[in-house]
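J.: Provided herewith is a single structure, encoded as structure tokens, for subsequent inquiry.
The values are calculated or read from the model by the stated rules, or taken from the named source; none is laboratory data. Here the structure is a predicted model, which means the values were calculated and not measured. Cβ: placed from backbone, ideal geometry, glycine included. Neighbour counts: every protein chain shown.
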There are 2 protein chains.
Amino acid sequence: MQDIVKFPKVARFEYTVEPFQEDCTGHLSWLELGNKLLAVAGHHADDRGYGMKQLLPEHRAWVISRMAIEVGELPKVGDSFVLETWIRKVYYTFTDRCFAISKPDGTPLGYAFTIWALIDTETRTPVNLMHIYDGKITDWVDAEKKCDVAPFSHIRVKTPEPEREIMACFSDIDINNHVNSIKYVQHVLDVFPKSMFEARRVRRVEMAYHGEAHYGESLLFYKQQNSPLEYDIDVRVPDGDGERKVCSCRVNFE
Amino acid sequence: MQDIVKFPKVARFEYTVEPFQEDCTGHLSWLELGNKLLAVAGHHADDRGYGMKQLLPEHRAWVISRMAIEVGELPKVGDSFVLETWIRKVYYTFTDRCFAISKPDGTPLGYAFTIWALIDTETRTPVNLMHIYDGKITDWVDAEKKCDVAPFSHIRVKTPEPEREIMACFSDIDINNHVNSIKYVQHVLDVFPKSMFEARRVRRVEMAYHGEAHYGESLLFYKQQNSPLEYDIDVRVPDGDGERKVCSCRVNFE
């Protein structure tokens, strides 16, 4: 019989940037970073008994609602980095999940703040977390650990014409059968010219997920410049006579 | 002082499929598989003294010319897998590099066969490998180890109109400042409908790299069906009044 492991509130994972996990500037790509953040969130939740592993068979699924990632210089190929994740807060159907990104010696590289909802996969309605395993999830809350991310913004894109249009392809779709949350980040950054990333570093990416896009749908990217280094991007999908918003993003360069 | 490590001819790397490294069918994605193959090739060469780490400062670079990957069922999230790579043959400016993909217990999952050229990064001309470190690279050749991949094909696409057109974006470009070799594999597979991957497994992907595509260029995908489960795809870039071919691919489903 397996020993029962006592997991700490904060989960810690160490990675090394492998060749081809970097973008053309030589730093860990945002796609890799984002996917690793979601992966460690999954490991943290699975290990503590309220991950997809336990909840999916009970027709429950975690859905990401908001995400803000703020970073300094990202690691390069061969560099090791540490991702930590923990639950900051649990309120009804939502949890706040934090992330710290650091060098193995503890030097901070950045933070991420996310909001997740638990939904019933059959009715697609929110589930009260206090009704799952008698609300035991609150045992894992760490309200103190530092997560230095500015509050979420109100993103209002008024640009009349899309900057870019792509079709959601096979490679965009994840195991949940909709466009992957982090793939939107990649597609949003692809609205900017390569020269922008060579001249400037992405300091913050913020995502508000409003709905799902599916295979074969057109993704329209509406881009609006708020200030010299701040841009808002709406991702919308043609729907009947109009469009529905699938996510809104803010990108800050420095 | 560091001990000098005696590296074997065959390098062995073990990985576990992390969440979000899978495609929507739940198996390791071809993008992840391809990038891991290139990464272990780099590690193998670096560790043995003729990798980019040593050669790039001397204005030499490895360029992939041909690649064929044949697989059975790819691993799923949480599954571990082993990649082995070795040099099969060295001839003038070219080397044949093989890969074996297997379960940790040794059960084969697939193989890959690649051809690489060493070029002078200033003149873009091939370099004779026998002139690099007195041809010491031949010490690493393993001509015997099994690599069960069918020979390369002659790909001739005659389709008059492209099936798909995309622009090479920031995320397509790698550290060498051109479209990443494995990104072509992803884009080529995206020419097929998602339902194809749900009904059929990709058994073999073959790539012949003819040239480079750069940021901002249009990539045109010409698709031709050879038989019920075999397709050839040419990737071409508009160039002056005509087009230049950047790669040709064959995809076999089963």
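J.: Which numbered condition trips up B:SER80, out of (1) over 30 Å from B:HIS131 (Cα atoms); (2) crowded, with 19+ Cβ neighbours inside 10 Å; (3) among the small types (Gly, Ala, Ser); (4) away from every other protein chain (no Cβ under 11 Å)?
T.: Here B:SER80 meets the rest and fails (2).
J.: Can you work out which of the residues in the range B:195-222 that are assigned to a strand (DSSP E or B) and within 14 Å of another protein chain (Cβ to nearest Cβ) is nearest to B:GLY34 (Cα to Cα)?
T.: B:VAL205
J.: Is there any pair with a first residue in the range B:9-25 that is farther than 30 Å from B:LYS136 by Cα and more than 10 Å from chain A (Cβ to nearest Cβ) and a second that is surrounded by 15 or more Cβ atoms within 10 Å (Cβ to Cβ) and among the small types (Gly, Ala, Ser) whose Cβ atoms are under 8 Å apart and which are 6 or more apart or on different chains, and what are they?
T.: Here the result reads none, with nothing in the range B:9-25 linked to a residue that is surrounded by 15 or more Cβ atoms within 10 Å (Cβ to Cβ) and among the small types (Gly, Ala, Ser).
J.: A:SER102: free of Cβ contacts under 8 Å to residues at least 40 places away in the same chain and under 25 Å from A:LEU28 (Cα atoms), yes or no?
T.: Against the criterion (free of Cβ contacts under 8 Å to residues at least 40 places away in the same chain and under 25 Å from A:LEU28 (Cα atoms)), A:SER102 qualifies.
Conditions tested, residue by residue: (1) of a type outside the set (Lys, Arg); (2) outside any loop (DSSP other than H, G, I, E, B).
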| residue | (1), (2) |
| --- | --- |
| B:LYS53 | no, yes |
| B:LEU56 | yes, yes |
| B:TRP62 | yes, yes |
| B:LEU83 | yes, yes |
| B:ILE87 | yes, yes |
| B:PRO104 | yes, no |
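J.: Going by the conditions given, is A:ILE69 part of a strand (DSSP E or B), of a type in the set (A, V, I, L, M, F, W, C) and within 28 Å of B:GLY216 (Cβ to Cβ)?
T.: Details: part of a strand (DSSP E or B): yes; of a type in the set (A, V, I, L, M, F, W, C): yes; within 28 Å of B:GLY216 (Cβ to Cβ): yes.
So A:ILE69 passes the test.
J.: Related question: For the range B:133-151, what are the residues that are within 28 Å of B:VAL205 (Cα to Cα) and of a type in the set (Asp, Glu)?
T.: B:ASP142, B:GLU144, B:ASP148
J.: Of the residues A:LYS53, A:LYS36, which single one is under 30 Å from B:ASN176 (Cβ atoms) and within 14 Å of another protein chain (Cβ to nearest Cβ)?
T.: Only one candidate qualifies: A:LYS36.
J.: Okay, moving on. Can you find a residue that is under 16 Å from the mean Cα position of the chain (by Cα) and surrounded by 21 or more Cβ atoms within 10 Å (Cβ to Cβ) anywhere in the range A:149-171?
T.: The answer is no; no qualifying residue exists.
J.: Let me ask something else about it. Could you count how many residues in the range A:132-148 are exposed (fewer than 13 other Cβ atoms within 10 Å of the Cβ), of a type in the set (Asp, Glu) and closer than 30 Å to A:SER102 by Cβ?
T.: 3
J.: Sticking with this structure for a sec: Scan (1) facing chain B (nearest Cβ under 10 Å); (2) part of a helix (DSSP H, G or I) for the single condition A:TYR184 breaks and write down its number.
T.: Result: A:TYR184 fails condition (1) only.
J.: I've got another one for you. Among the residues of the range A:193-248, what is the count of those that are hydroxyl-bearing (Ser, Thr, Tyr) and surrounded by fewer than 17 Cβ atoms within 10 Å (Cβ to Cβ)?
T.: Result for the range A:193-248: 3.
For (1) in a strand (DSSP E or B); (2) under 27 Å from B:HIS27 (Cβ atoms); (3) not small (Gly, Ala, Ser), each residue gets a yes or a no:
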{"residue": "A:ALA150", "(1), (2), (3)": "no, no, no"}
{"residue": "A:LYS158", "(1), (2), (3)": "no, no, yes"}
{"residue": "A:GLN224", "(1), (2), (3)": "yes, no, yes"}
{"residue": "A:LYS245", "(1), (2), (3)": "yes, no, yes"}
{"residue": "A:ARG250", "(1), (2), (3)": "yes, no, yes"}
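J.: So B:LEU219 fits all but one of (1) out of contact with any Cys (no Cβ under 9 Å at 6 or more places or on another chain); (2) in contact (Cβ under 8 Å) with a residue 60 or more places away in the chain; what number is the exception?
T.: (2)
J.: Then there's this: Would you be able to say whether some residue in the range B:27-48 is surrounded by 21 or more Cβ atoms within 10 Å (Cβ to Cβ), within 16 Å of the chain's Cα centre (by Cα) and over 21 Å from B:ARG204 (Cβ atoms)?
T.: Yes, the range B:27-48 has at least one match.
J.: Moving to a separate point now. Report whether or not B:THR125 is touching a residue at least 40 places away in the same chain (Cβ under 8 Å), hydroxyl-bearing (Ser, Thr, Tyr) and away from chain A (no Cβ under 14 Å).
T.: Taking the combined requirement at face value, the residue does not satisfy it.
J.: Also: Starting from residues that are in contact with a helix residue (DSSP H, G or I) (Cβ under 6 Å, 6 or more places away or on another chain) and more than 12 Å from every other protein chain (Cβ to nearest Cβ), keep the ones in the range B:39-50 and report whichever is modelled with the highest pLDDT.
T.: Among them, the one singled out is B:ARG48.
J.: Now for a different question. Is it the case that A:LEU109 is over 25 Å from A:LEU33 (Cβ atoms), without any contact (Cβ under 8 Å) to a residue 40 or more places away in the chain and among the aliphatic types (A, V, I, L, M)?
T.: No.
J.: I'd like the full set of residues that are small (Gly, Ala, Ser) and at negative phi, limited to the range A:18-59.
T.: Hits for the range A:18-59 are A:SER29, A:GLY34, A:ALA39, A:ALA41, A:GLY42, A:ALA45, A:GLY51.
J.: While we're on this one: Which of (1) at pLDDT below 95; (2) crowded, with 21+ Cβ neighbours inside 10 Å is the odd one out, the single condition A:GLN54 does not satisfy?
T.: (2) is the only condition that A:GLN54 fails.
J.: If only one of B:ILE69, B:ILE87 is closer than 19 Å to B:GLY135 by Cβ, among the aliphatic types (A, V, I, L, M) and crowded, with 17+ Cβ neighbours inside 10 Å, which one is it?
T.: Just one listed residue meets the conditions, B:ILE87.
J.: Can you name every residue in the range B:185-203 that is closer than 19 Å to B:ASP234 by Cα, without any contact (Cβ under 8 Å) to a residue 60 or more places away in the chain and not aliphatic (A, V, I, L, M)?
T.: Residues satisfying the conditions are B:HIS187, B:ASP190, B:PHE192, B:PRO193.
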